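To start, the structure under review is shown below, and the notes come after it.
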Amino acid sequence: MASAYSSDTIDDIVDINESLKQLSVARAQINSLRKQNESLKKQLNEKDLVTANGPSTSNNPEKLELSIIGTIKTKFKERRGVPRQPGLCPLAQACLTISNSIFTNPNHALEGLSDFSHMWILFHFHKNETTHVHAKVSPPRLNGLRTGVLGTRSPHRPSPIGLSLVQIDKVEGNSVYFSGVDMIDGTPVLDIKPYIPHYDAPASLRSDQHVSLFDNGLHQILLDPLTTDREAPDGEETDTYDAMPLSPLHTRVRVPLWITEPLMQQLTVEFSSRAREFLDTLDTNDIEATIVSILKEDPRSVYVRERYSNQFYTFLIGGYHVSCKFDDNKHTISVYRISFVDNMENVPEQEGAQCLSID
């Protein structure tokens, strides 16, 4: 029986089938590339970002996306055996390397850090595999008893973020070498800040009887008051707990001179009779002290101070609107009016909008 198709028709059918095969292969390759692209995106996000409290959603104000500034290299390769607190193993050393994906010149970001003896490290508990956060936990020192997770230093937290105070050994290039490790190798770091006992130590501990201060010409060196009365590890304080001082490595705290001897002098705060009359009508007496504490340290940024010398300045304290005027020549600031805020929504947020030059 003769074929119903001509040779040309058969060739066309073969070409169509071959094209369909090639199209199928191309589609498979495209799907494979898409999967690889999604995998790379996921790896990149896991490397450079930490999402607190679940996946980040721009429309959800309860979600927060944070950048990882670097990673820590330690001798502790797994969670088992890692010190629970930085002071428990003060001789254990580690290295934090700042990533150049955050800063073009990460070593520039570390300039000045070596003038301090200690720093806070804010890091992510990236090996925390807990999927459900419990309101109560059983810290080791409570020996099976349970207490609220926010009253402990447990790593199993709603936002798995750790905070450790460590001693800075040296700063080289884009790396910081430190002692007092309580992190696992590869721990992502969210931020670091120098430890300043003038601000970080509780006010009740910042007294002359606890602090021994001397000047070596470049730095102010003092005995840290926190070493005489340290919090129990994991935050589980008990009446029978004996305060455990830090190692001798941690007994001396060094800060640069600009901390103890700032280049900017404190301002003298004065109140007009009108402002004084308003304060006298209030039932509370802490507003005046709060205003003085804020203004004597000059709340203006350097940019605003240089651009608007001798200016009017306004700010809010709770439901009060404070208006004042700087006199940079006399290093004084006069509070000429204090009033109640009628509408908080119409108050400008930018500092420049709160200043008016009178030059």
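For segment 98-163, chymotrypsin sites (Phe, Trp or Tyr not before Pro) are listed when DSSP marks them as loop and at most 16 other Cβ atoms sit within 10 Å of their Cβ; the list is Phe103.
In a fully extended conformation the segment linking Arg276 and Leu150 would gain 41.1 nm over its present Cα-Cα distance, using 0.36 nm per residue. Taken over the alpha carbons of segment 135-175 as equal point scatterers, the Debye sum produces base-10 log I(q)/I(0) values at 0.15, 0.18, 0.19 Å⁻¹ of -0.52, -0.61, -0.64. Subtracting the Cα-Cα distance of Lys21 and Ser293 from their residue separation scaled by 0.36 nm leaves 90.2 nm. With a ≥ b ≥ c taken as the square roots of the eigenvalues of the C-alpha gyration tensor of segment 128-207, please select rounded if a/c is under 1.5 and otherwise prolate if a/b is larger than b/c or oblate if it is not? Oblate, since a/c reaches 1.5 and b/c is not below a/b.
Between Asn31 and Ser67, the distance separating the two model label sites (each 7 Å from Cα on the Cα→Cβ line) works out to 3.8 nm. The stretch between Ser175 and Ser301 holds 42.4 nm of extra length on full extension. This uses 0.36 nm per residue minus the Cα-Cα distance.
All of the numbers you see were taken from the coordinates with simple rules; none came from a lab. Computed from a prediction, not measured in an experiment: that's the story for all the values here. In this analysis, Cβ positions are derived from the backbone assuming ideal geometry, glycine residues included, and neighbour counts consider all displayed protein chains.
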